[in-house]
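Structure first, commentary second.
The values are calculated or read from the model by the stated rules, or taken from the named source; none is laboratory data. Computed from a prediction, not measured in an experiment: that's the story for all the values here. Virtual Cβ from ideal backbone geometry, glycine too; neighbours counted across all protein chains shown. We work out accessible area using only protein heavy atoms, side chains counted, and drop any ligands, DNA or RNA first. Shrake-Rupley method; radii C 1.70, N 1.55, O 1.52, S 1.80 Å.
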Amino acid sequence: ASGKIDLPRMREGGLDAEFFAAFVGQGPLTPEAYAKAKDSALRAVEAVRKMTEDYSTVIGLAVDPQGARRLKREGKLTAFIGLENGYPIGRDTALVKFFHDRGVRYITLCHSSDNDICDSSTDRRNPEDKGLSAFGREVVAECNRLGMIIDISHASEKSFYDVLAASRAPIIASHSSARAVCDNPRNLTDDQLRALARNGGVVQICFLGAYVKTPPVIPEREKAMKELEAKYGSVRDIRDSAVRMKAMAERDAINQKFPQVRPTVKDLVDHIDHVKKVVGVDFVGIGTDFDGGGGVVDCDDVSGMIHVTEELVRRGYTDREIAKIWAGNFFRVFQKVIDLAGK
């Protein structure tokens, strides 16, 4: 398996339940592109549903915490479905219900670019942070009405505060770390952590290296990478596959000659410690971003998750605290979002 998640490794790592993210990259804000994004998201959602049907003796689909607990009692794994990027909603709030009806239980409002719902933390094309749009506020209200969890990972700072002001329900940051520990725009500042805690939400620490620890600068590596960029431009944009393969091979050679120091489980748990120190253990969880680039030394795929627990135990976390970090805090938010929808 090329990915970081499969059912045998979920068992090996002791992971009972997880969100499978139906991810759609950001594209143009046009009706044709919206229709394509919706189809693409739907295919990803259906693939998760199909997996739970094809392997029904091993894993089931759940849409609430009770469902996951029931599956655990039956000795099965649990799949939840999230929609990463609100782009497939287009400009039609009815699509929130469309995806909810198909089992989706959270929507990450944006990804690495601004969209019609809100601005992203990493969109450099427009330096102005416009936050949550008027349409975005309608999407938030519809999520609250249906019991769809709102996820602000990837959202800009203004979007984050706008969503907190607009939402009746607690929100999540499904895969974000602490900016005080690693200064990256994708991470949350201490002020954001405090605001999230006041909202009753949860921040789930992300395993993506660049968000866990800023790597030390290796001058020879920087120079070689700059030369590579000058020679080929951005590797992702190379159309000719033979040329792209050659560029990637040269990049791999640089990586081998001047390896980047990768963050470890200890570096990751530093983020959990920090959130605990700033707002308490009730507002922190874990959101690996496996298969979205996540992975640290000793926990590079789902089979290594036990090492995170071992490090928490080493640092004196109690069983009760560890249970909150792995699921309790998230399930509290999930249940509250469902309960408020009925009101």
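Projecting the Cα atoms of Thr288, Phe334, Ala323 onto the charge dipole of segment 279-343, computed from C-beta unit charges around the Cα centre, puts Phe334 farthest toward the positive end. A simple charge model with +1 on the Cβ of Lys and Arg, -1 on the Cβ of Asp and Glu and nothing else charged puts the dipole of the chain at about 400 debye relative to its Cα centre. Quick one: Cα centre-to-centre distance for segment 49-69 and segment 270-343, in angstrom? One Cα centre to the other: 21 Å.
Keeping all protein chains in place, calculate the accessible area per residue for segment 297-343 (probe 1.4 angstrom), answer in Å².
I get 50 Å² per residue for this part.
Shown for the chain are the DSSP H helices of 15 Å or more along their axis, judged by Cα atoms, with a mean Kyte-Doolittle hydropathy of at least -1.0: 31-54, 134-146, 241-257, 265-279, 329-341. When the chain is treated as a GNM with alpha-carbon contacts under 10 Å, the residue of Asn144, Asn126, Asn187 showing the greatest mean-square fluctuation is Asn126. For segment 72-231, the fraction of alpha-carbon pairs lying more than 22 Å apart is 47 percent, rounded to a whole number.
Here is how the number arises for the chain: DSSP H runs of 4 or more residues each give -39500 (n - 2.57), the sum is divided by the residue count, and the result at 222 nm is -14000 deg cm²/dmol.
Report the net charge of residues surrounding Arg179, where surrounding means a beta-carbon distance below 15 angstrom and charges are Lys +1, Arg +1, Asp -1, Glu -1.
With Lys, Arg at +1 and Asp, Glu at -1, the neighbours total -3.
Between segment 87-130 and segment 186-239, how far is it from one alpha carbon centroid to the other, in angstrom? A separation of 21 Å, based on Cα centres.
Packing order of peptides 81-87, 56-62, 218-224, highest average first: 81-87, 56-62, 218-224 (average count of other Cβ atoms within 10 Å over each peptide's residues).
Surface composition of the chain: carbon and sulfur atoms hold 53% of the protein heavy-atom accessible area at a 1.4 Å probe. Taking Cα centre as origin and charging only the Cβ of basic (Lys, Arg, +1) and acidic (Asp, Glu, -1) residues, the dipole magnitude of segment 113-162 rounds to 40 debye. The order of Phe160, Phe23 by accessible area, most exposed first and with a 1.4 Å probe, is Phe23, Phe160. Can you tell me the dipole magnitude for segment 1-135 around its Cα centre, using point charges on the Cβ only (Lys, Arg +1; Asp, Glu -1), in Debye to the nearest 20? Approximately 460 debye in magnitude. Excluding residues on the same chain fewer than 8 positions from Lys276, give the lysines whose Cα lies under 22 Å from its Cα. Hits, sequence-local ones excluded: Lys213, Lys266, Lys324, Lys336.
With all protein chains kept in place, the per residue accessible area of segment 1-93 amounts to 51 square angstrom at a probe of 1.4 angstrom.
From the Cα gyration tensor of the chain, with a ≥ b ≥ c the square roots of its eigenvalues, which class applies: rounded if a/c is under 1.5, or else prolate if a/b is larger than b/c, or else oblate?
Note, shape of the chain comes out rounded.
For segment 104-257, the solvent-accessible area with a 1.4 angstrom probe is 46 square angstrom per residue.
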